[in-house]
Structures are given as structure tokens and as C-alpha cells.
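Read-outs throughout are calculated quantities, based only on the coordinates presented, and are distinct from any laboratory measurement. Bear in mind the structure is a predicted one, so any value in this text is a computation, not a measurement. Positions of Cβ are backbone-derived with ideal geometry, glycine not excepted, and every protein chain shown enters the neighbour counts.
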Amino acid sequence: MILHAVILGIVQGLTEFIPVSSSAHLVVFPLLLRWQDMGLAFDVACHWGTLVALVVYFRRDWAAILTSFVRRNAPETDVGGRMLIPIIAACIPAAAAGLLLNDKIEALRKWPLLVQTIAVVLIGVGLVMLLAERVGKKRRQVGEMNWVDYVVIGIAQALALFPGVSRSGITISAGLFRNLDRAAAARFSFLLSTPVVFGAGLLELAKLLTKGFAAGQAGLLAMGLLTSAISGYLAISFLMKYLARKPLDAFVTYRICFAVFLLLASQ
């Protein structure tokens, strides 16, 4: 079980931020390998691990955003304090979708055609990513964003509830369609995901406190949190550097290959 916890924690951290869909991997891997479900408590631990990765990596951004917002001294060109309200507003579609559809999305895990559906979504969103790379002009920075950008990217984030989509993949693509450059689109994508990941973590934690968990799980939970936090931080660092130089094409190729694998494995 410890080995399973380590592997799933690493998978959670890497795929939460690299645009290949964490939900697809975390749903499919245990099914294909016939591993025992690690339970809600482990999911919560991994979720909070990825939040730690986000906060630690973007700590300077969040310090600037919160400090300048409180002091109310952010000039128009500043990407600090003036970004807080747009980020919160852009999170509303995902928060509303999560509250309204969470139970229905969870019910999909028992759907007989879940693996095949995830494979189709992996390919579909991969093609969207490819199109975004081809049509986006990649000339704008985060400080040049406007309310249309916030709304479009916020709605895109709500789509990530469905397994196979990828929060980072769909929001970075939305940013590219709005002519942000790759690094700017990725940066805003991760800043935008922080409140949503935090809110979802609170909801999961509330469920966990209601149901409780076995005392013997403490080691597994600690391992899941630690490995997802470390691998998540490394994934963010890698992606930010990668997208400064290269397109999303390699991730599109991976998504399509993974989808083909899932379709073959599910026969």
C-alpha cells in the first residue's frame, strides 16, 4: 500500500499541472492495475499536496497580489493587487459548476464506458490545444489581460471538472486563443487554479471530517501529501520553463497516445 501511495501521489502531482489530465490518470490507473481504492482521505491528502506546490511556487506572486491589494496602491500596469478581484471572479464558473455537478461527476466513475469516454475527451481536448497553438498570436502578457480574458479562461476552467479535460490544458489553451503568450497563459492558469484547488480541498476535507478515517492511514496520507507536493512543484517548474521555449505539441502527442492505449486496454 505504501508503494501504491507513493506512485499515486507522484502521478497526482505531475498530472495535475502538466496538461495531460490528472483525473484521467487517477481514475484509470487503479482500474487497469486493479488496485484497491485508496479512499477519500488519501484523495484529500494528495489534493492538499498539490495546493502546497502551487502556493510555494507562486508565493511571490501571491504575496504581491495580496499585499498591494490590501494597501490599495497598485498602479494600472501592476499585475499584483489589481489581479485579485479578476482571479476571484474568474473562479466563479468553476466553483458554481463544482457545487452543482460534483455528485454527477463522481457518479461517472461507475459508468461502464468511463475509460472509453475519457479516451475520447483526451483526444478532443488535445486537438483544442493544438488548434490554440496554431491560431494564438502569443503577444500579450498577464498585465495586459482584460475582463473578456478573465471570463473566457474562467469558463474554460469549469470544463476541467470532467475527467480527461485537464485544468491546465484547457485554461492555457483559452489563454492562447486570447493571444496570451504561452508563459503568461500558464502563469495565469496556475494563479487561477489556486483558489479553486483550495475551495475544492475544503469541500473534500469537510466530507472527510464527516465520514472520518482510520488512524492506521496516517502514514499513507503523509506519503500522498508529500509526494504530490514535491512532484507537483517539479511539474510546475518544468512546465513554466518548457512553455517559455516550446509549444504544447508534445503534450498533445502524449494525450493521443494515452487515449489509444486506453481504448486498446479497455477491449
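Apply 1/(1 + (r/R0)^6) to the Cβ-Cβ distance of Leu66 and Gln141, taking R0 = 30 Å, and write down the FRET efficiency to the nearest 0.05.
0.90
Of the residues Gln36, Gln217, Gln12, which exhibits the maximal mean-square fluctuation in a Gaussian network model of the chain defined by a 10 Å Cα contact cut-off?
Result for the chain, Cα springs under 10 Å: Gln36 fluctuates most.
Is there a quick way to get the dipole size of the chain? I mean about its Cα centre, with the Cβ of Lys and Arg at +1 and of Asp and Glu at -1; what is the value in debye to the nearest 20?
480 debye
Tell me the relative contact order for the chain as a rounded percent, counting alpha carbon contacts under 8 Å between residues six or more apart.
Reported as a whole number, the value is 38 percent.
Could you size up the charge dipole of segment 107-157 around its Cα centre, putting +1 on the beta carbon of Lys and Arg and -1 on that of Asp and Glu, and report it in debye to the nearest 20?
With only Lys, Arg, Asp and Glu charged at Cβ, the dipole is about 80 debye.
Over its Cα atoms, what ratio of radius of gyration to 2.2 N^0.38 Å does the chain give?
0.99
Could you give the length gained by full extension between Ala250 and Thr210, i.e. 0.36 nm per residue of separation minus their alpha carbon distance, to one decimal place?
So the chain would gain 10.2 nm between Ala250 and Thr210.
Cross-link candidates for Lys246: which lysines have Cα within less than 16 Å, leaving aside residues fewer than 8 places away along the same chain?
Once the sequence-local lysines are set aside, what remains near Lys246 is Lys137, Lys138.
Only four residue types carry charge here, +1 at the Cβ of Lys and Arg and -1 at the Cβ of Asp and Glu. Report the dipole size of segment 104-218 about the Cα centre in Debye, rounded to the nearest 20.
120 debye
Scanning the chain for helices, which whole DSSP H stretches are 20 Å or more long along the axis (Cα) and average -1.0 or more by Kyte-Doolittle?
Qualifying helices, which must be both long enough and hydrophobic enough, are 2-17, 40-57, 84-107, 114-135, 182-211, 218-243, 249-265.
For each of Leu239, Leu26, count neighbouring Cβ atoms within 10 Å of the residue's Cβ, then give the residues from fewest to most.
Ranked by crowding around the Cβ, least crowded first: Leu26, Leu239.
Of the options Leu220, Thr194, Pro112, report the single residue whose Cα projects farthest towards the positive end of the charge dipole of the chain (beta-carbon charges: Lys, Arg +1; Asp, Glu -1).
Among Leu220, Thr194, Pro112, the one farthest towards the positive end of the dipole of the chain is Thr194.
Can you put Trp35, Trp111 in order, fewest other beta carbons within 10 Å first?
Taking fewest neighbouring Cβ atoms as first place, the list is Trp111, Trp35.
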